[in-house]
1. Exactly one of these conditions fails for Met116: (1) open to solvent by 100 Å² or more (accessible area, probe 1.4 Å); (2) closer than 26 Å to Ser7 by Cα; (3) of a type outside the set (S, T, N, Q). Give me its number.
2. Among the residues of segment 1-44 satisfying the criterion of being in contact with a strand residue (DSSP E or B) (Cβ under 6 Å, 6 or more places away or on another chain) and β-branched (Val, Ile, Thr), which is surrounded by the fewest Cβ atoms within 10 Å (Cβ to Cβ)?
Amino acid sequence: MKLNERSLAFYATCDSPADNTGFLYKRGERHTAYHRRWFVLKGNMLFYFEERESREPLGVIVLEGCTVELCDSAEEFSFAIRFGGAKSRTYVLAAESQAAMESWVKSLSRASFDYMRLVVRALEKQLEEMRWGPAGGCQGLPGSWKPKPMGLERSPERLPALPTVLPKENGCAVWNNVPGADRLPGASGCTRHDSEGNLRPPPLPPRRRASSSEAGSARVAAAESLSTFCQLHEQYGREVARLRQDWLERRRGPRP
């Protein structure tokens, strides 16, 4: 894997939030002595510095295809980062306390993209179960259920037959261009044609006008809502004025 050193150094020291930071003791690869290093975990990259104020990391560990587990070592609170493969290096680290060790092991175990992929799959499975149910039945999310229309419960044989395919001209559906075709029973034989002899659609029905009683009830409801709003506005206005007066008196302090 090729990594750009400048980009890594900038990413390690920039102001982006870190998943975990702290001092850990790192065992050397050649010498088994432990050295105290400052570690910064960002995403799936674990940077370690010589000091907390260092501007360039000494190294980086890419946490992909690895496992984090506790290990037996001379140092207390130690754990290891192991990679698959015969020639892969094992990083042995040690924390300063039990709580710090548990925090680091938990953070490092969740840092890889493989773990995030498993989490996403688990969440997708839960979402599918919420939508369709565990047994495949369509349960639906809350609010997705719709009641069946009551007006369409009549049997299909009682409904008037509709044409299966609408005639089209130039790719656009038009009204029946065959006189008497698909005409409902009892319909008049009068048809209207335009200047070119084509059938025109029937006129729209007149818009229903509200009766005087309905209009009066609507005006009464609007007046009641307006009066209710005015009452609420006046009530809360008095409350706000009282709270403001109390605040001003507290700000002025006790009178001498």
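1. Failed condition: (1).
2. It comes out as Thr21.
The values are calculated or read from the model by the stated rules, or taken from the named source; none is laboratory data. No experiment lies behind these values; they were computed from the predicted model shown. Note that each Cβ is placed from the backbone with ideal geometry, even for glycine, and that neighbours are counted across all protein chains shown. These accessible areas exclude ligands, DNA and RNA; they are computed on the full protein's heavy atoms, side chains included. Shrake-Rupley method; radii C 1.70, N 1.55, O 1.52, S 1.80 Å.
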